[in-house]
DNA sequence: TTGTATGCGTTATCAA
DNA sequence: TTGATAACGCATACAA
């Protein structure tokens with residue numbers, strides 16, 4: 001008894017309702033092309049059997065899935081959460097479903113995930129940043145899967161993107177910091193290899209130094225992995241220099257919060273003893289104590305616009321267009337001028 | 001020119017390599033049942049064409065996908081991130097893929113997502129908490145899709161779970177707080193409807209009060225939505241009572257951090273003026289200032305064990321077994337005895 | 001408005 | 001070791 005009966009198919013429903021499979025299919029996909037009476041019969045059968053369409057079969061027959069994949073480096077911290085949330089909500093509004101995968105910042109895993117999502121029938125893909133093997137873009141193209149890069153905007157890149165200019169944003173923030181009189185700077189960043197956002201931020205910072213007549217080579221740089229602990233460790237290392245920096249930039253808010261915590265543990269006051277600057281403006285930044293001075297990234301707007309762009313290209317066939325969004329400094333409490341020489 | 005050529009299929013590869021589709025399929029799934037020579041030919045063809053198998057077709061033919069779905073209430077904050085990460089990693093190690101979906105804490109969306117994942121061929125599902133319509137479990141059963149509940153452990157529930165006892169954990173924490181002399185308590189929690197974890201924590205708190213001879217009815221309860229802002233607002237409300245509480249419990253760390261921030265803004269010292277207690281012990285808790293006293297949840301262990309359990313049942317056919325993991329108080333800096341009456 | 005028939009890209013059984 | 005071939009569950013062009 002209780003033998004596991006096979007899950008019902010379109011055919012079962014058709015039989016139960018006494019109609020053809022075509023009618024059941026229509027009933028599900030174009031309810032208005034079916035008579036009221038028939039529809040009722042079919043719906044009753046569907047509920048009775050607990051039928052639910054088989055996605056794979058449907059995808060195979062229809063050659064589209066109304067599914068868009070999003071591949072992000074990590075779900076561990078909230079960096080991408082807000083943007084994805086907005087992305088998903090907009091998608092949902094248009095009847096699309098989002099599939100997420102994360103890569104732990106590893107290129108090989110990313111490629112694996114891309115293939116996996118494409119194989120799963122994703123109609124389009126959302127990718128973070130431009131940096132990846134060219135063959136991946138070729139693959140995507142031959143598969144006819146549009147891919148939109150986000151979290152970055154590079155007018156020179158071949159791949160269309162909806163994002164912001166990491167370089168310009170960091171440069172602007174750094175200019176403000178330097179204008180305050182800081183001359184001894186440090187940067188705690190994610191590893192730059194394979195991470196164009198991190199690289200752009202680093203270069204943007206150096207550009208600001210250069211523009212202000214400082215030697216960019218003097219910037220103390222530590223590359224680590226995103227994470228509060230790592231931010232703390234890196235901060236300790238940075239401050240142990242013979243001549244410790246008066247302002248420490250961080251590649252993102254997670255690192256900055258780690259730095260902040262470490263500063264506290266080292267008995268350093270922020271921003272009196274040292275300024276700490278983040279990037280991303282995730283919720284964490286406002287909660288940190290003191291509230292973090294950081295670069296505000298338009299997470300929700302970015303997710304929303306990316307979704308619209310993808311849906312549009314899917315429905316119109318018109319190639320994706322890049323969109324630049326602003327990312328600007330937001331000054332809170334962790335930045336002040338360097339200590340005056342008494 | 002540049003006409004979008006159709007994506008290559010098994011058939012194309014077979015033709016290109018001069019073998020049958022069966023051989024190509026075997027080559028991909030059981031490489032050792034194919035001669036070296038043939039394998040080389042096939043692989044060459046695959047690379048040449050940029051072939052990648054169609055998941056839907058494969059799922060349909062093989063009747064399994066090596067995919068496990070995870071449906072969580074939210075990705076906005078990091079509550080589930082750590083657990084999911086561990087879940088995914090373990091899955092990956094066994095050749096399984098994780099698909100995530102979030103529900104924004106809405107039952108109707110959850111049901112939609114469950115159906116969507118099942119339709120997508122998820123071999124099994126990971127669900128958060130027990131609370132949901134019975135028909136969903138029926139649906140899952142008729143579909144033959146094993147579902148494992150996590151983030152909760154209720155020995156009385158029908159559904160198997162790998163989690164911790166929210167009631168007992170909160171009760172234990174509350175007992176410690178009460179032992180410090182607190183008699184005027186408040187709780188800021190997520191809405192309890194449809195959220196068994198929140199409810200269990202609330203009841204656990206009341207149980208501790210009762211056990212200590214206090215009237216559980218005196219507990220001031222505010223239900224809100226998870227979020228730092230909401231935590232802050234709720235805290236302000238709680239403290240505006242004629243007789244404000246000396247200890248404020250929070251349903252999770254996110255709310256607690258909001259409360260912490262609000263306390264600062266109101267000029268209240270924590271824990272001198274008021275104690276604040278969180279739940280979950282996400283990374284945020286250690287970063288908060290002061291570091292949060294909270295209930296530690298074994299996120300990674302939970303995710304890991306859940307993955308193992310699901311894989312096991314999938315491969316052995318043996319029904320899922322529930323597993324209880326410990327969740328215990330961790331005392332940091334936001335809890336102290338109530339102010340002595342001067 | 002409804003039904004028939006075919007194809008979608010794999011896997012798996014059975015022969016060869 | 002390899003090749004035919006029959007499912008798998010659904011969508012859709014076409015016919016009725």
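The values are calculated or read from the model by the stated rules, or taken from the named source; none is laboratory data. Source: prediction; values computed, not measured. Note that we place each Cβ from the backbone using ideal geometry, even for glycine, and neighbour counts take in every protein chain shown.
When only residues in the range B:46-57 that are in contact with a helix residue (DSSP H, G or I) (Cβ under 9 Å, 6 or more places away or on another chain) and more than 12 Å from DNA strand D (Cβ to nearest atom) count, which is nearest to residue B:97 (Cα to Cα)?
Going through the range B:46-57, the residues in contact with a helix residue (DSSP H, G or I) (Cβ under 9 Å, 6 or more places away or on another chain) turn out to be B:46, B:48-57.
Applying the additional criterion that residues be more than 12 Å from DNA strand D (Cβ to nearest atom) yields B:46, B:48-53, B:55.
Values: B:46: 23, B:48: 27, B:49: 25, B:50: 22, B:51: 20, B:52: 17, B:53: 16, B:55: 12 Å.
The selected residue is B:55.
Of the residues B:186, B:157, which is away from chain A (no Cβ under 14 Å) and modelled with pLDDT of 95 or more?
On inspection, the qualifying residue turns out to be B:186.
Restricting attention to the range A:220-234, and to residues there that are in a loop (DSSP other than H, G, I, E, B) and under 11 Å from residue A:189 (Cβ atoms), which single residue is nearest to the other protein chains (Cβ to nearest Cβ)? Outline the logic, then answer.
The initial filter retains those residues of the range A:220-234 that are in a loop (DSSP other than H, G, I, E, B), namely A:225-227.
Now narrow it down to the ones that are under 11 Å from residue A:189 (Cβ atoms): A:225-226.
Numbers: A:225: 14, A:226: 11 Å.
Across the range A:220-234, the extreme among qualifying residues is A:226.
Quick one: in the range A:279-296, of everything that is surrounded by 20 or more Cβ atoms within 10 Å (Cβ to Cβ) and at pLDDT 95 or above, which residue is nearest to residue A:255 (Cα to Cα)?
A:279
Give the residue that is farthest from the other protein chains (Cβ to nearest Cβ), with candidates limited to residues of the range A:88-103 that are within 16 Å of DNA strand D (Cβ to nearest atom) and touching a helix residue (DSSP H, G or I) at 6+ places or on another chain (Cβ under 7 Å). It would help to see each step written out before you state the result.
Taking the range A:88-103 first, the residues within 16 Å of DNA strand D (Cβ to nearest atom) are A:95-97.
Okay, now just the ones that are also touching a helix residue (DSSP H, G or I) at 6+ places or on another chain (Cβ under 7 Å), so A:96-97.
Values: A:96: 11, A:97: 6 Å.
Among those that are within 16 Å of DNA strand D (Cβ to nearest atom) and touching a helix residue (DSSP H, G or I) at 6+ places or on another chain (Cβ under 7 Å), it is A:96.
For the range A:58-73, what are the residues that are more than 13 Å from DNA strand D (Cβ to nearest atom) and under 20 Å from residue A:95 (Cβ atoms)? Steps first, answer last, please.
Start the filter on the range A:58-73 by keeping residues that are more than 13 Å from DNA strand D (Cβ to nearest atom), which leaves A:67-73.
Across the range A:58-73, the qualifying residues are A:67, A:68, A:69, A:70.
Out of the residues in the range B:42-81 that are at pLDDT 90 or above and more than 16 Å from DNA strand C (Cβ to nearest atom), which is surrounded by the fewest Cβ atoms within 10 Å (Cβ to Cβ)?
Looking at the filtered set, the residue picked out is B:44.
Considering only the range A:297-330, state which residues are part of a loop (DSSP other than H, G, I, E, B) and either buried (at least 19 other Cβ atoms within 10 Å of the Cβ) or out of contact with any strand residue (DSSP E or B) (no Cβ under 8 Å at 6 or more places or on another chain) (or both).
Those that are part of a loop (DSSP other than H, G, I, E, B) and either buried (at least 19 other Cβ atoms within 10 Å of the Cβ) or out of contact with any strand residue (DSSP E or B) (no Cβ under 8 Å at 6 or more places or on another chain) (or both): A:297, A:298, A:317, A:318, A:319, A:320, A:321, A:327.
Can you list residue pairs whose Cβ atoms sit under 8 Å apart, with the first residue in the range B:33-47 being more than 13 Å from residue B:20 (Cα to Cα) and in the same structural domain as residue B:20 (by TED's automatic domain parsing) and the second being at pLDDT below 95 and more than 10 Å from DNA strand D (Cβ to nearest atom)? Count only pairs 6 or more apart in sequence or on different chains.
From residues that are more than 13 Å from residue B:20 (Cα to Cα) and in the same structural domain as residue B:20 (by TED's automatic domain parsing), there are no pairs.
Can you tell me which residue among A:28, A:125, A:91 is in the same structural domain as residue A:310 (by TED's automatic domain parsing) and within 19 Å of residue B:113 (Cβ to Cβ)? Steps first, answer last, please.
Working: A:28 fails: in the same structural domain as residue A:310 (by TED's automatic domain parsing); A:125 fails: within 19 Å of residue B:113 (Cβ to Cβ).
After applying the criteria, what remains is A:91.
Can you report the number of residues in the range B:1-18 which are crowded, with 18+ Cβ neighbours inside 10 Å, more than 20 Å from residue A:136 (Cα to Cα) and either more than 11 Å from DNA strand C (Cβ to nearest atom) or within 11 Å of chain A (Cβ to nearest Cβ) (or both)?
So the answer is 2.
When you go through (1) more than 16 Å from DNA strand C (Cβ to nearest atom); (2) buried (at least 23 other Cβ atoms within 10 Å of the Cβ) one by one for residue A:137, which number turns out not to apply?
(2)
Would you please list the contacts, defined by Cβ atoms under 7 Å and residues six or more apart or on different chains, that run from a residue in the range A:201-228 that is at pLDDT below 95 to a residue that is in a strand (DSSP E or B) and surrounded by 14 or more Cβ atoms within 10 Å (Cβ to Cβ)?
A:225/A:190; A:226/A:190
Within the range B:54-87, which residues are within 16 Å of residue B:120 (Cα to Cα) and either facing another protein chain (nearest Cβ under 7 Å) or assigned to a loop (DSSP other than H, G, I, E, B) (or both)? Working first, answer last.
Residues of the range B:54-87 that are within 16 Å of residue B:120 (Cα to Cα), as a first pass: B:54-71.
Listed by number, the residues that qualify are B:54, B:55, B:56, B:57, B:59, B:60, B:63, B:64, B:65, B:66.
Tell me, which residue of the range A:235-265 that is assigned to a loop (DSSP other than H, G, I, E, B) and either in contact with a strand residue (DSSP E or B) (Cβ under 7 Å, 6 or more places away or on another chain) or within 14 Å of chain B (Cβ to nearest Cβ) (or both) is surrounded by the most Cβ atoms within 10 Å (Cβ to Cβ)? Explain how you work it out, then say what you get.
So in the range A:235-265, the residues assigned to a loop (DSSP other than H, G, I, E, B) come out as A:240-246, A:251-252.
Restricting the remaining residues to those that are either in contact with a strand residue (DSSP E or B) (Cβ under 7 Å, 6 or more places away or on another chain) or within 14 Å of chain B (Cβ to nearest Cβ) (or both) gives A:241, A:245-246, A:251-252.
Numbers: A:241: 11, A:245: 21, A:246: 21, A:251: 32, A:252: 27.
Once the filter is applied, the top-ranked residue is A:251.
Please determine, by comparing only the residues of the range B:19-41 that are more than 7 Å from DNA strand D (Cβ to nearest atom) and out of contact with any helix residue (DSSP H, G or I) (no Cβ under 7 Å at 6 or more places or on another chain), which one is farthest from the other protein chains (Cβ to nearest Cβ).
B:36
If only one of B:324, B:307, B:256 is touching a helix residue (DSSP H, G or I) at 6+ places or on another chain (Cβ under 7 Å), farther than 16 Å from residue B:177 by Cβ and modelled with pLDDT of 95 or more, which one is it?
Values: B:324 fails: touching a helix residue (DSSP H, G or I) at 6+ places or on another chain (Cβ under 7 Å); B:256 fails: farther than 16 Å from residue B:177 by Cβ.
The conditions single out B:307.
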